[in-house]
């Protein structure tokens, strides 16, 4: 993987300061191609036999919005996420031994890709301390027009903010109120295939729908530190929202 040559010190500095680090060339073109090919094969051949909660569909009820728990359903993706060079990079960010918590996708298909409301991931992950992150890898080019993820820099220092059910399938819980932020406090994840962002689980982020003819496929690896535990109050709040708007 290209990540063996990445500057881990710079990534750690940006991640701790902003709650998100932008990493160019995280994966090579060959690695991106292999992920794309296996995702296409998995959706075509394997997904029909998987449990309903292995995916979320768009409003047309046939196009995949998200794939969930790929580490449980697919050996290729589990082995990718367990690579030693990736874990060496992640360990300082989660302040301990990395534990793989999920491999998933946000597909954002052309023309019908739905948006994601402002939220903090730990409203879903429910971990304490919040030493948990997501590596968001672009498989397609991410442009201003096709629904890039926008991050509020420094918002990880706000801690958990009040939430409310969003009614969005696949993103059932969001912020009760979006804090006021200036344009200079935003990082818009405009990425070439193979680029990545790494964001803290308390960093506020969101994305617009994709109304263009260009898909915006994101491949996500989620890790926590082995020392984190589930917060029962956060879990109860999330469970209520997920019950109101199930992902499948």
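Read-outs: derived from the displayed coordinates by stated rules, not from any lab. Model, not experiment: these values are computed from the prediction. Ideal geometry is used to build each Cβ from the backbone, glycine not excepted, and the neighbour counts take in all protein chains shown.
Observations on the structure shown:
- Cβ-based exposure ranking for 132, 178, in which fewest neighbours within 10 Å come first: 178, 132
- Cβ-based exposure ranking for 68, 136, in which fewest neighbours within 10 Å come first: 68, 136
- Subtracting the Cα-Cα distance of residue 180 and residue 37 from 0.36 nm times their residue separation leaves 47.4 nm of extension gain.
- Rg ratio (alpha-carbon, reference 2.2 N^0.38 Å) - the chain: 0.94
- Value of [θ]222 nm, deg cm²/dmol, for the chain, DSSP H segments ≥ 4, -39500 (n - 2.57) each, nearest 500: -7000 deg cm²/dmol
- Label sites at residue 188 and residue 110, each approximated as a point 7 angstrom past Cα along Cα to Cβ, lie 2.2 nm apart.
- Packing-based exposure ordering (other Cβ within 10 Å, fewest first) of 201, 126: 126, 201
- Placing pseudo-labels 7 Å out from each Cα toward the beta carbon at residue 212 and residue 72 gives an inter-label distance of 3.4 nm.
- Reference-scaled alpha-carbon Rg (2.2 N^0.38 Å with N residues) for the range 147-248: 1.18
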